Amino acid sequence: DGGITQSPKYLFRKEGQNVTLSCEQNLNHDAMYWYRQDPGQGLRLIYYSQIVNDFQKGDIAEGYSVSREKKESFPLTVTSAQKNPTAFYLCASSIVPGGKTEAFFGQGTRLTVV
Amino acid sequence: EDQVTQSPEALRLQEGESSSLNCSYTVSGLRGLFWYRQDPGKGPEFLFTLYSAGEEKEKERLKATLTKKESFLHITAPKPEDSATYLCAVRTSYDKVIFGPGTSLSVIP
């Protein structure tokens with residue numbers, strides 16, 4: 001079945017530690033996205049990529065980094081510079097970028113700072 | 001400032017009790033409005049896309065409608081399995097997608 005796989009489902013980070021969230025898709029989509037979801041707020045865009053080897057900052061990119069070396073993969077690193085990283089992180093993809101078509105989401109990674 | 005709001009924040013219905021969820025938006029040019037369903041601890045699942053005022057889409061017990069300032073998600077005779085958070089998202093004229101905070105729906109047997 002085609003879809004988006006995020007791993008791990010749960011992740012715990014110590015203070016000052018960098019962690020990487022994995023996102024893989026087999027939908028052959030060009031565009032991929034990372035969102036952060038906090039209670040009572042809409043999804044907020046962290047980074048997006050429209051094509052391999054290219055990515056753009058979203059609304060809340062500070063403290064995060066990404067890479068897009070393969071079409072299928074778009075990992076997100078939460079660095080120690082992100083002061084409040086506890087949240088639910090969602091990876092998504094779409095056939096074309098810019099919201100022209102609907103997005104397909106992974107099952108999310110819940111990150112907790114311990 | 002572009003903004004998407006949803007109301008109510010939470011809704012409890014008895015099984016079979018029809019109701020509507022609202023998504024209001026203030027954006028610079030609507031290019032499309034999306035509805036998603038999100039189950040607890042899961043990623044959102046696409047339901048509908050609406051493009052212009054007057055458009056309607058239906059799927060089982062759900063019907064989405066669009067006006068120039070808001071969209072409604074009507075739920076007819078809901079069942080417990082319809083319990084979820086419903087998100088709307090708006091695509092603006094400069095191709096930015098803005099999500100609302102969602103409405104948490106609980107359908108009680």
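Within 10 Å of the Cβ of each residue in B:41-49, the mean number of Cβ atoms contributed by other protein chains is 6.
Evaluated with a Cβ-only charge set (Lys, Arg +1; Asp, Glu -1), the protein assembly as shown carries a dipole of roughly 320 debye about its Cα centre, given to the nearest 20. Here is the list for the range A:1-96: trypsin sites (Lys or Arg not before Pro) lying in DSSP coil, each with at most 14 other C-beta atoms within 10 angstrom of its C-beta, are A:Lys9, A:Lys14, A:Lys83. Antiparallel versus total DSSP beta bridges in chain B: what percent is that, nearest 5? Taking every DSSP beta bridge with both residues in chain B, the antiparallel ones total about 90 percent. Per the Kirkwood definition applied to all pairs of different Cα atoms, how many angstroms is the hydrodynamic radius of the range B:1-88? 13.5 Å is the Kirkwood radius here.
Between A:Ser22 and A:Glu69, the modelled label-to-label distance comes to 1.4 nm, taking each label 7 Å out from Cα in the direction of the beta carbon.
Looking at the range A:1-110, the GluC sites (Glu not before Pro) that sit in a DSSP loop and have at most 15 other Cβ atoms within 10 Å of their own Cβ are A:Glu15, A:Glu62, A:Glu69.
Using a simple spin-label model with pseudo-atoms 7 Å out from Cα toward Cβ, B:Glu17 and A:Glu62 lie 4.4 nm apart. Among the GluC sites (Glu not before Pro) in the range B:17-109, those placed in a DSSP loop whose Cβ has at most 10 other Cβ atoms within 10 Å are B:Glu60.
The mean number of Cβ atoms from other chains found within 10 Å of a Cβ in peptide A:41-48 is 4, as a whole number.
Which whole number gives the average, over all residues in A:105-111, of C-beta atoms from other chains lying within 10 Å of the residue C-beta?
Whole-number average of other-chain Cβ neighbours for A:105-111 is 3.
Checking the table A:Lys14/A:Lys83; A:Lys100/B:Lys96; A:Lys57/B:Lys68 against a 20 Å threshold on Cα-Cα, which pairs fail? From the list (A:Lys14/A:Lys83; A:Lys100/B:Lys96; A:Lys57/B:Lys68), the Cα-Cα distance tops 20 Å for A:Lys57/B:Lys68.
If exposed means no more than 13 neighbouring beta carbons inside 10 Å and the site is in a DSSP loop, what's the longest run of chain B without any exposed chymotrypsin sites (Phe, Trp or Tyr not before Pro)? Here the longest segment lacking exposed loop sites spans B:1-50.
Quick note: the coordinates plus some simple rules give every number you see, no bench work behind them. On a predicted model such as this, the values are computed, not experimentally measured, just so you know. Positions of Cβ are generated from backbone atoms using ideal geometry, with glycine treated the same way; all protein chains shown enter the neighbour counts.
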